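So the structure is just underneath, and the comments pick up after that.
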Amino acid sequence: LDVVENYKTIKKSVKILANKVEDAKKDGVELSPQAIQEVNQATRRLISERNLRFHMEECEIRNAQPSKLQKLNELMERAKETGVSDVYIEEAQILSERMNDNIKARDILDKFNVYPEREYPEEEEIDPKQKGRQKKKEEEKKKKPKRKKKEPPFVYPDWGVELTSVIREVDTITQLIKRCEEIELDQEFLDSVNIQLSRFKKEISYRKKLEEEERMLAELKKMKKMKKGKGKQLRINTISPNFFELNE
C-alpha cells in the first residue's frame, strides 16, 4: 500500500513482511533477487513513512523549535528518497514551511527587542498662515547653528547596522503577521510586534534623515575642497610673467 491510514501499524507490517521472508527461506522457497529487492525497498519506504509521520505528530507550529524543524526536513528528504507517498511529503512540506515562518517571526521580534531605544526630535506642526515666518525661522537656524552637546554614539546591533537590513526585517514580519492564524502567532505576540513596528517606523524615518544629512554634508565638503583648489589655481594664473625675471 502506498498510503497507510494508521502509521502506528507500520512497524507491525514491517515485522510481518520480514517474518514471511524468513518463513519462505525455512520452507526452502527460493526467492528471486528481484523479490528480495522489492521487499527491502518496501521495508525502507514503510519505515521512512512511519518515522516521518511520527515526528510530524511531535512537531508544533506554535512552539516550533529549530532542532525539530531540522529533523523534520531530514526525515522528509529521506522519505522522498525511499518513495514515500506524495500525500505525506506535501503534509510535511506545509508543516515545515509554517514552523520555519513561526521561528522566523519570533527571531525578528527578539531582534527588535534588543535594538536600543532613542528619543526622536519632535516635528513642529506648521500653521499654513505662518508658513512664511516658519521658513524664515528655519533659514535663521541654518545661519546660526546652535552648539549641541556631544552625545555618545548610538550603537547599532550587528543585524541593524545597515538600514536596508532593518527595512527588510520590518517588511518580513509585516507579511508574517498577516498569516498569524496559519503560523499560529498568538495575540500577545501580535501586540508586541505592533508596538515594535510603530517604533521602527520612526526609527527608519529618522535614519533616512540622518543618511540624507550625511550625504549633503559630504557633498558640501567636496564642493568646498573643489572651490579651494580652483582659488589656488586662479592665484597662480594671475602672477605677473615678469615676476620670475625681476627676482633673477
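The values are calculated or read from the model by the stated rules, or taken from the named source; none is laboratory data. Predicted model, so just to flag it, every value in this text is computed and none were measured. Neighbour counts are summed over all protein chains in view; Cβ atoms, including those assigned to glycine, are modelled from backbone coordinates with ideal geometry. Keep in mind that these areas ignore ligands, DNA and RNA; they rest on the heavy atoms of the full protein, side chains included. Shrake-Rupley method; radii C 1.70, N 1.55, O 1.52, S 1.80 Å.
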Report, by residue number, each residue of segment 70-88 that is open to solvent by less than 20 Å² (accessible area, probe 1.4 Å) and assigned to a helix (DSSP H, G or I). Leu72, Met76, Ala79, Tyr88
The one condition Asp101 fails out of (1) surrounded by fewer than 17 Cβ atoms within 10 Å (Cβ to Cβ); (2) in a helix (DSSP H, G or I); (3) under 26 Å from the mean Cα position of the chain (by Cα); (4) of a type in the set (Asp, Glu) is (1)
In segment 66-99, which residues are free of Cβ contacts under 8 Å to residues at least 12 places away in the same chain and either among the basic types (Lys, Arg) or within 21 Å of Glu182 (Cβ to Cβ) (or both)? Lys80, Glu90, Ile94, Glu97
Of the listed residues (Glu91, Glu57, Glu49), the one being at pLDDT 90 or above and exposed (fewer than 11 other Cβ atoms within 10 Å of the Cβ) is Glu57
Segment 190-205 residues that are modelled with pLDDT of 95 or more, paired with ones that are loosely packed, with under 11 Cβ neighbours inside 10 Å and among the acidic types (Asp, Glu) (beta carbon under 6 Å, 6 or more apart): none
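Could you look through segment 108-122, keep only residues that are part of a helix (DSSP H, G or I) and open to solvent by 80 Å² or more (accessible area, probe 1.4 Å), and pick out the one that is farthest from Asp191 (Cα to Cα)? Steps first, answer last, please.
To start, the set of residues in segment 108-122 that are part of a helix (DSSP H, G or I) comprises 108-114.
Checking which are open to solvent by 80 Å² or more (accessible area, probe 1.4 Å) leaves us with 110, 113-114.
On the way: Asp110: 14, Asn113: 13, Val114: 17 Å.
Only one residue fits best here, namely Val114.
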